[in-house]
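Participant: Before anything else, here's the structure in question.
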Amino acid sequence: MQLTTENIQESNSRYVALHQKFFATLASQLEDGGISVEKILSKIRSFQIAVPSWALGAGGTRFGRFGIGGEPRSLEEKIEDIGLLAKLTKSTDAVSLHIPWDIPSDYEAIMQLAKCHNIGFDAVNSNTFQDYGQEKSYKFGSLSHNDPKVREQAVAHNKQVIEVGEKLGSKGLTVWLADGSNFPGQQSFRRALDNTFESLQKIYASMPEDWKLLLEYKPYEPNFYSTVIPDWGTSHLLCRQLGDRAKVLVDLGHHLPNTNIEQIVGILLGQNQLAGFHFNDSKFGDDDLTTGSIKPYQLFLIFLELVAGTEDGCQSWESISWMIDASHNTKDPLEDLMQALVAIKIAYAKSLLVDRVKLTMYQLNGDVVMAQEILQKAFLTDVRPLLKEARLQSGGALEPISIYRQHEIRKQLIQKRGENTRATGL
């Protein structure tokens, strides 16, 4: 798979004149409104979102999975794919590994390869929701299991994940539990939560002092009667009990329909309890659809809370982890990830356009109409020229998907890796 800087520059030359026209118009409008375009461009350029190792292959459902060909067969090939995304979009500089799907066989070689692609290692993710050859089954839970030997096995796995992450320079452990029940009476709610907390204490104590624990929550699936950590409040409760380095991870898909996620984000920020995000989108449930494909306004409102909370000093922007978590199903994963990276940055850029001084004034004066007008003005602004300019200044592609297709990258991957390859993991 060859895509050089010269290829990108040649492709940009086809679009640059039209881009400069649109960008100049938008920049003039923003500057006339008292907004510093250069400051916004600087923030857009520096905002990087990690790509998960499991998102580089075709997704699937409980009923089927349809391959696309050319999927990465190893961790090395996954890093190569993320390097391509980084080169095109200039919006990602890290991979979030899932263990045991992506345990390096040669740590030094993996780190060297990642360095060549300007890729670092974000939070590492443990897996106690599948049976993959371990001695004890997780059929009836892991960290919450009634059998202490199963809990010990799950704790030991998380400790192993920490060891893998340490070798790669990661600074965080993401824990998501599938633990729960499908039928009333199957388990004791209190016992399951107590067992989980006891297990998490052991994991937390094993983390290096400069690490953080990112604790996810999910209301249902694969257990449909109860989950041990069903909501942000339960995750928040456990994190408070564990210590300052344990914080709540918000997966946008891990909510019941119509949940006010932006309010959750605002509350967690206010308590300095937001660990980070798994970005995706949903229509009915935990769909893991392309970020911004269903609810772009909600994504904008979430970033509005993030910008406001960090600017007000509730929590630093640098303390928050940013990761994608998607299941592509019928899309080319690389194209889908490019769409997601753009959608995330669009929401972020729009949130930077909000006049927070006026918004606060209208809120305090109870002027509901003008408060809404402030938000609508920012949301309805087409900020894509800002993103393109940020990519252009960073050496990326003005039109990433177009150049990806022009150079038939997927066809090259199939020729190199095969038609029937399958990425490790789900």
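The values are calculated or read from the model by the stated rules, or taken from the named source; none is laboratory data. A quick note: this is a predicted structure, and the numbers were derived from the prediction, not measured. Neighbour counts are summed over all protein chains in view; Cβ atoms, including those assigned to glycine, are modelled from backbone coordinates with ideal geometry.
Participant: Any idea which of (1) surrounded by fewer than 22 Cβ atoms within 10 Å (Cβ to Cβ); (2) part of a helix (DSSP H, G or I); (3) touching a helix residue (DSSP H, G or I) at 6+ places or on another chain (Cβ under 7 Å) is the one Gln134 doesn't satisfy?
Facilitator: (2)
Participant: Next question. Looking at Pro104, Pro52, which one is closer than 15 Å to Ala326 by Cβ and either among the aliphatic types (A, V, I, L, M) or touching a residue at least 12 places away in the same chain (Cβ under 8 Å) (or both)?
Facilitator: Going through Pro104, Pro52 in turn, the sole match is Pro52.
Participant: Here are some conditions: (1) touching a helix residue (DSSP H, G or I) at 6+ places or on another chain (Cβ under 7 Å); (2) without any contact (Cβ under 8 Å) to a residue 40 or more places away in the chain; (3) surrounded by fewer than 17 Cβ atoms within 10 Å (Cβ to Cβ). Glu209 meets all but one. Which one does it not meet?
Facilitator: Single failed check for Glu209: (1).
Participant: Return the pair list, or none, for Cβ contacts closer than 8 Å from residues in region 228-239 that are under 18 Å from Phe129 (Cβ atoms) to residues that are buried (at least 24 other Cβ atoms within 10 Å of the Cβ) and polar (S, T, N, Q), at least 6 apart or on different chains.
Facilitator: Val228/Ser144; Val228/Thr196; Ile229/Thr196; Ile229/Ser235; Leu238/Thr196
Participant: While we're here: Looking only at region 18-41, decide whether some residue is hydroxyl-bearing (Ser, Thr, Tyr), more than 24 Å from Ala397 (Cβ to Cβ), part of a helix (DSSP H, G or I) and modelled with pLDDT of 95 or more.
Facilitator: Yes, region 18-41 contains a residue that is hydroxyl-bearing (Ser, Thr, Tyr), more than 24 Å from Ala397 (Cβ to Cβ), part of a helix (DSSP H, G or I) and modelled with pLDDT of 95 or more.
Participant: With respect to Lys202, determine if the residue is buried (at least 22 other Cβ atoms within 10 Å of the Cβ), of a type in the set (D, E, K, R) and either modelled with pLDDT under 95 or outside any loop (DSSP other than H, G, I, E, B) (or both).
Facilitator: No, not satisfied.
Participant: In addition: Which pairs have Cβ atoms under 8 Å, sit 6 or more apart or on different chains, and link a residue in region 246-267 that is closer than 27 Å to Ser199 by Cα to one that is in a strand (DSSP E or B) and hydroxyl-bearing (Ser, Thr, Tyr)?
Facilitator: That search, which allows pairs on different chains as well, returns Leu249/Thr174; Leu249/Ser321.
Participant: Follow-up. With (1) assigned to a helix (DSSP H, G or I); (2) crowded, with 17+ Cβ neighbours inside 10 Å; (3) among the basic types (Lys, Arg) as the list, and Arg240 as the residue in question, which single condition is left unmet?
Facilitator: (2)
Participant: Out of the residues in region 315-337 meeting the condition of being hydrophobic (A, V, I, L, M, F, W, C) and under 17 Å from Leu249 (Cβ atoms), tell me which one is surrounded by the fewest Cβ atoms within 10 Å (Cβ to Cβ).
Facilitator: Applying the filter and picking the extreme gives Trp317.
Participant: Also, quick follow-up: Condition (residue is buried (at least 20 other Cβ atoms within 10 Å of the Cβ), more than 15 Å from Ile344 (Cα to Cα) and in contact with a strand residue (DSSP E or B) (Cβ under 9 Å, 6 or more places away or on another chain)) applied to region 293-306: is it met by at least one residue?
Facilitator: Within region 293-306, the first condition is being buried (at least 20 other Cβ atoms within 10 Å of the Cβ), and the residues that meet it are 299-306.
Subset that is more than 15 Å from Ile344 (Cα to Cα): none.
Taking every residue of region 293-306 in turn, none turns out to be buried (at least 20 other Cβ atoms within 10 Å of the Cβ), more than 15 Å from Ile344 (Cα to Cα) and in contact with a strand residue (DSSP E or B) (Cβ under 9 Å, 6 or more places away or on another chain).
Participant: Failed condition for Lys283, given (1) touching a strand residue (DSSP E or B) at 6+ places or on another chain (Cβ under 6 Å); (2) surrounded by fewer than 22 Cβ atoms within 10 Å (Cβ to Cβ); (3) among the basic types (Lys, Arg), with all others met?
Facilitator: (1)
Participant: Is there any pair with a first residue in region 124-148 that is in contact (Cβ under 8 Å) with a residue 60 or more places away in the chain and closer than 17 Å to Ser188 by Cβ and a second that is assigned to a loop (DSSP other than H, G, I, E, B) and small (Gly, Ala, Ser) whose Cβ atoms are under 9 Å apart and which are 6 or more apart or on different chains, and what are they?
Facilitator: So the pair list comes out as Gly141/Ala178.
Participant: May I pose another question? Run down Lys345, Lys358 and say which single residue is surrounded by 23 or more Cβ atoms within 10 Å (Cβ to Cβ), part of a helix (DSSP H, G or I) and of a type in the set (Lys, Arg).
Facilitator: Being surrounded by 23 or more Cβ atoms within 10 Å (Cβ to Cβ), part of a helix (DSSP H, G or I) and of a type in the set (Lys, Arg) holds for just one of Lys345, Lys358, which is Lys345.
Participant: Being part of a helix (DSSP H, G or I) and touching a strand residue (DSSP E or B) at 6+ places or on another chain (Cβ under 7 Å) is the filter; apply it to region 262-273 and report the residue that is surrounded by the fewest Cβ atoms within 10 Å (Cβ to Cβ). Give the derivation first.
Facilitator: Initial filter on region 262-273 (part of a helix (DSSP H, G or I)): 262-270.
Remaining after also requiring touching a strand residue (DSSP E or B) at 6+ places or on another chain (Cβ under 7 Å): 264-265, 268.
Values: Ile264: 21, Val265: 24, Leu268: 24.
Ranking the candidates gives Ile264 first.
Participant: In this structure, is Arg417 in contact with a helix residue (DSSP H, G or I) (Cβ under 8 Å, 6 or more places away or on another chain), surrounded by 17 or more Cβ atoms within 10 Å (Cβ to Cβ) and over 14 Å from Ala86 (Cα atoms)? Steps first, please.
Facilitator: Values: in contact with a helix residue (DSSP H, G or I) (Cβ under 8 Å, 6 or more places away or on another chain): yes; surrounded by 17 or more Cβ atoms within 10 Å (Cβ to Cβ): yes; over 14 Å from Ala86 (Cα atoms): yes.
Here the answer is yes, as Arg417 does meet what is asked.
Participant: I'd like the full set of residues that are surrounded by fewer than 23 Cβ atoms within 10 Å (Cβ to Cβ) and either over 20 Å from Phe279 (Cα atoms) or among the β-branched types (Val, Ile, Thr) (or both), limited to region 49-67.
Facilitator: Scanning region 49-67 gives Thr61, Arg62, Phe63, Gly64, Arg65, Phe66, Gly67.
Participant: Now, a different point. Being in contact (Cβ under 8 Å) with a residue 24 or more places away in the chain and more than 14 Å from the chain's Cα centre (by Cα) is the filter; apply it to region 287-301 and report the residue that is nearest to Asn272 (Cα to Cα).
Facilitator: The qualifying residue nearest to Asn272 (Cα to Cα) is Leu301.
One line per residue, one yes/no per condition, for (1) out of contact with any Pro (no Cβ under 8 Å at 6 or more places or on another chain); (2) outside any helix (DSSP H, G or I):
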residue: Val16; (1), (2): yes, no
residue: Ala58; (1), (2): no, yes
residue: Gly69; (1), (2): yes, yes
residue: Glu76; (1), (2): yes, no
residue: Asp102; (1), (2): yes, yes
residue: Ala109; (1), (2): yes, no
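Participant: Report whether or not Thr310 is modelled with pLDDT of 95 or more, under 15 Å from Ser351 (Cβ atoms), touching an Asp or Glu at 6+ places or on another chain (Cβ under 6 Å) and surrounded by 17 or more Cβ atoms within 10 Å (Cβ to Cβ).
Facilitator: Here the answer is no, as Thr310 does not meet what is asked.
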